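Since every read-out is calculated from the coordinates, none of them should be taken as a lab result. Treat the numbers as computed from the prediction; the structure is a model and nothing was measured. Glycine also receives a Cβ, built like all others from the backbone with ideal geometry; neighbour counts cover every protein chain displayed.
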Amino acid sequence: MAEAAMILIVEDEKSLVKVLRYNLEKAGYRVAAAHDGEEGLSAFCRAKPDLVILDLMLPKLDGFEFCKEVRRRAKTPILMLTARKEEVDKVLGLELGADDYVTKPFSVREVLARVKALLRRGGQAAGEVPMRAGSLEVDLERYEVRVGGRPASLSAKEFELLRCFLLAQGKALTREQILERVWGYDRAMDIDTRTVDQHVARLRDKLGPEAGRLITVKNVGYRLKPD
Ligand code: CA
């Protein structure tokens, strides 16, 4: 059996670390923890985690700086913990390099769902799946999408959505599957599947001449037509 995924928690609130560690270990993960950004960075180099849960406001080196340092070294998925809504926009900026976020106070269940989704995404990305269709090219490492050689500007969620379709290799995905894969929610969580429709519509717009590849499958969901 493969070794359990290693998760590094970088968070200065010790009670939160304790709760997260307990639940992650219970879910079968290995856990390392650090209480400030500098300690976090050395733990990152030492533990080589598969995923980092990162608090934004940290002593010594804050979450933004930590993210930049990590991104210089690796593509490890980062789940940000943010306390304030106004931090969210910054966190979502792709240039920062965080992959997802939850706002405090969070439910442990939500964190576990996001962790699971991010790890699965990482595992899939490592596979030999062609990240192109027609004149559409996706560069996973640079977070770049090109249509007919010209860069398309996608939001983080639109990018994940496109990646999710490419990984499905032409198979139709239901709205629930898309929600789970892109947003990391499981079905019991209350989110409207219309969110998927809205994002697909926006993604289609941005795909320009390749928009026709994104096909609506009646009573099911969507599929992306490969070559
Ligand atoms: Ca903090």
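Need one word for the chain: rounded, prolate or oblate. Basis is the Cα gyration tensor (sqrt eigenvalues a ≥ b ≥ c); a/c below 1.5 gives rounded, then a/b vs b/c decides.
prolate
Would you work out if the stretch 6-122 is rounded, prolate or oblate? Take a ≥ b ≥ c from the square roots of the eigenvalues of the alpha-carbon gyration tensor; rounded if a/c is under 1.5, else prolate when a/b is larger than b/c, oblate otherwise.
Rounded, since a/c falls under 1.5.
If amide hydrogens are placed 1.01 Å from N in the peptide plane, which non-local residues have theirs closer than 5 Å to the one on residue 80?
Close amide H contacts, sequence-distant or interchain: 54, 99, 100, 101, 102.
Work out the length of the dipole vector of the stretch 6-122 about its Cα centre, built from +1 on the beta-carbon of each Lys and Arg and -1 on the beta-carbon of each Asp and Glu, and round it to the nearest 20 debye.
So the dipole magnitude of the stretch 6-122 works out to roughly 560 debye.
In the chain, with Lys and Arg counted as +1 and Asp and Glu as -1 at Cβ, which of these residues, 159, 193, 10, has the Cα nearest the positive end of the dipole, that is, farthest along it?
My answer, from the dipole projection, is 193.
Obtain the nm distance between the two label points defined at residue 108 and residue 135 by a simple spin-label model: each point lies 7 Å from its Cα along the Cα-to-C-beta direction.
Placing both labels 7 Å along Cα→Cβ, they lie 5.3 nm apart.
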